[in-house]
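Okay, structure first, notes after.
The values are calculated or read from the model by the stated rules, or taken from the named source; none is laboratory data. Since we're looking at a predicted model, the values are computed, not measured. Here the Cβ is made from the backbone with ideal geometry for all residues, glycine too, and neighbour counts use every protein chain on show. In case anyone asks, the SASA skips ligands and DNA or RNA and just uses the protein heavy atoms, side chains included. Shrake-Rupley method; radii C 1.70, N 1.55, O 1.52, S 1.80 Å.
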Amino acid sequence: MPELPEVETTRRGIAPHLEGQRVSRVIVRDRRLRWPIPEDLDVRLSGQRIVQVERRAKYLLINAEVGTLISHLGMSGNLRLVEVGMPAARHEHVDIELESGLALRYTDPRRFGAMLWSLDPLNHELLVRLGPEPLTDLFDGERLFQLSRGRSMAVKPFIMDNAVVVGVGNIYATEALFAAGVDPRRAAGGISRARYLKLAIEIKRILTHAIERGGTTLRDFIGGDGQPGYFQQELFVYGRGGALCKVCGTGLREIRLVQRASVWCPRCQS
Ligand SMILES: [Zn+2]
């Protein structure tokens with residue numbers, strides 16, 4: 001599933017080809033994504049210049065002169081640039097054709113993604129209640145400490161809660177808790193300020209590193225497969241339940257926390 005670093009890598013990959021370009025037409029082959037693609041998307045977007053491509057949480061905001069295309073990659077979506085007129089294969093649901101001769105093509109085999117239109121995207125119902133971006137100063141350990149007081153839920157689902165901070169998916173929560181030495185099962189409200197300061201630093205470090213890794217794949221957005229560097233980052237614990245800890249050699253344990261696989265080292269994390 002595309003996580004925040006992959007979405008940010010996608011933004012960086014497609015933005016230079018979109019910004020400043022005028023849309024000549026929009027072809028929708030299948031409207032049935034998580035929500036239907038608006039019937040009038042072609043009418044809304046065609047003829048407009050794309051001003052900027054931004055990201056909020058895992059949503060891409062393709063800002064036109066008037067209005068914004070909000071896109072989410074869901075479980076299996078990707079965006080890449082192809083030449084206008086390149087035949088579409090199965091699951092290639094949308095082409096946004098540009099006057100440059102390139103088209104932004106959306107592919108999504110499982111169709112859990114989204115393409116929506118909004119005149120006020122930051123107040124759209126999907127975005128308005130989102131917490132701060134993890135790589136901004138609005139997110140820090142003090143915020144984690146304050147929001148966690150009195151809460152008995154486990155720390156791992158707490159840091160994955162989009163109202164607390166956006167973009168900390170299962171991989172990054174698992175890895176950041178390991179790096180900070182925090183047991184994912186612990187009650188969020190019982191963890192000290194000092195440990196939350198360390199945890200926030202590790203979340204930022206690991207996400208930044210993943211985005212930097214994704215940067216090596218930017219050229220693949222034109223003519224390539226649009227699959228940015230998934231899982232290229234070195235994983236210490238995620239997906240390694242039953243294997244040995246790379247730091248201390250102890251067997252890694254695995255449980256499910258709020259339906260998500262959670263792996264930790266019983267020696268390195270407490
Ligand atoms: Zn260990």
Can you tell me which residue in region 251-270 is most open to solvent (accessible area, probe 1.4 Å), limited to those that are near the ligand (Cβ under 10 Å from one of its atoms) and in contact with a Lys or Arg (Cβ under 7 Å, 6 or more places away or on another chain)? Pro266
Residues in region 107-144 that are open to solvent by 30 Å² or more (accessible area, probe 1.4 Å) and of a type in the set (S, T, N, Q) total 2
Of the residues Leu102, Leu60, Leu45, which is hydrophobic (A, V, I, L, M, F, W, C), touching a Ser or Thr at 6+ places or on another chain (Cβ under 9 Å) and modelled with pLDDT of 95 or more? Leu60
Is at least one residue of region 187-199 closer than 24 Å to Arg267 by Cβ, open to solvent by 10 Å² or more (accessible area, probe 1.4 Å) and either touching a Ser or Thr at 6+ places or on another chain (Cβ under 9 Å) or of a type in the set (Asp, Glu) (or both)? yes
Scan region 228-240 for residues that are modelled with pLDDT of 65 or more and out of contact with any Lys or Arg (no Cβ under 7 Å at 6 or more places or on another chain) and jot them down. Glu234, Leu235, Val237, Tyr238, Gly239, Arg240
Would you pick out the residues in region 24-41 that are surrounded by 18 or more Cβ atoms within 10 Å (Cβ to Cβ) and farther than 11 Å from Leu116 by Cα? Val26, Val28
Considering region 240-250, residues that are farther than 17 Å from Ala180 by Cβ and surrounded by 14 or more Cβ atoms within 10 Å (Cβ to Cβ), and then whichever is farthest from the ligand (Cβ to nearest atom), we arrive at Gly241
Any residue at all in region 58-81 that is within 13 Å of the chain's Cα centre (by Cα) and loosely packed, with under 15 Cβ neighbours inside 10 Å? yes
Determine the pairs where a residue that is not assigned by TED's automatic domain parsing to the domain that holds Arg213, located within region 232-257, has a partner that is within 11 Å of the ligand (Cβ to nearest atom) with Cβ atoms under 6 Å apart, the partner being 6 or more residues away or on another chain. none
